[in-house]
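Below: the structure, in structure tokens.
The values are calculated or read from the model by the stated rules, or taken from the named source; none is laboratory data. Quick caveat, the model's predicted, so the values are computed rather than measured. For neighbour counting, all protein chains shown are included, and Cβ atoms are generated from backbone atoms with ideal geometry for every residue, glycine included.
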Amino acid sequence: MENSENNKNKPQLAPVQLGPNTEFKFDCHKDCSCFTACCRKIDIMLTPYDVIRMKKRLELNSDEFLLLYTEIKLLKNTDMPVATLKLLDDERESCPFVKDDVGCIIYDDRPTTCRYYPLGVASLSYTEEETDEEDFFFMVEEPHCKGFDEDKTWSVNSWRDHEGVVECDRVNDGWTNILVRKKSIPSSVKLTEQSKKMFYDISYNTEKFRRFIFESTFLTLYNIEEETLKNIKDDDIALIEFGFEWLKFILFQEGEFDKNEEVATKRAK
């Protein structure tokens with residue numbers, strides 16, 4: 001949370017690493033006195049899959065959704081641009097999709113961070129924590145939250161199943177891997193502005209990335225299988241997953257892409 005006007009409302013990140021089977025007590029429902037309080041003064045980083053689901057729910061294209069509902073920020077320790085949710089300009093700095101009487105109006109397509117709450121995911125946090133452990137989660141403890149007083153017990157895994165984040169994490173896996181890999185590189189190693197822009201467009205603007213593949217010289221430089229082309233032409237998820245693999249290839253020289261060496265040589269001259 002970047003706004004420090006009221007520090008007492010800032011979430012406190014407990015320094016306890018939670019594994020998949022760690023248990024905790026929590027529940028959230030309309031009868032909680034703090035209902036929707038966690039939807040104010042928040043800093044929500046959106047994942048690529050979040051944007052795909054939310055723009056479809058709102059019947060917007062990528063350009064429209066990004067303009068109306070997001071801001072660009074640089075993720076700490078990566079210098080990578082990510083889309084964050086743009087809050088309303090009201091006195092409570094509310095999420096644009098929350099209503100006091102009903103809660104989230106796009107609940108079935110809410111962002112991954114909201115699904116995880118009250119858990120945080122280390123690989124997607126703004127903290128400077130570094131870890132080699134898989135499935136590193138932590139508890140987000142906010143003073144106003146009464147959900148911890150409820151008597152319902154979960155494990156990290158059962159909460160993830162219940163909130164539908166397993167599919168989100170699967171689709172976002174390649175993107176998350178790129179962020180984690182970039183965090184491990186010395187901060188002195190900077191990406192070009194062109195590389196950062198490409199990362200952002202692949203992550204969040206499926207229409208723009210699809211045009212880049214099919215309407216630029218991309219397919220003269222790379223030999224892509226017909227089945228792959230068919231999939232990425234019609235399927236946004238297949239498209240971004242293809243994009244993540246290509247990003248790893250151009251950023252980290254990881255994986256294999258069949259290049260047309262003759263075209264590559266001419267470009268290099």
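Quick grid of which residues meet (1) modelled with pLDDT of 95 or more; (2) of a type in the set (Lys, Arg); (3) not assigned by TED's automatic domain parsing to the domain that holds ALA37:
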site: HIS144; (1), (2), (3): no, no, no
site: TRP154; (1), (2), (3): yes, no, no
site: ASP161; (1), (2), (3): yes, no, no
site: ARG170; (1), (2), (3): yes, yes, no
site: PHE199; (1), (2), (3): yes, no, yes
site: PHE214; (1), (2), (3): yes, no, yes
site: ASN231; (1), (2), (3): yes, no, yes
site: PHE242; (1), (2), (3): yes, no, yes
Among (1) within 22 Å of the chain's Cα centre (by Cα); (2) without any contact (Cβ under 8 Å) to a residue 12 or more places away in the chain; (3) over 20 Å from LEU18 (Cβ atoms), the one test that HIS162 misses: (3)
Checking PHE212, PHE252, PHE199 in turn, the sole residue that is more than 17 Å from VAL180 (Cα to Cα) and hydrophobic (A, V, I, L, M, F, W, C) turns out to be PHE212
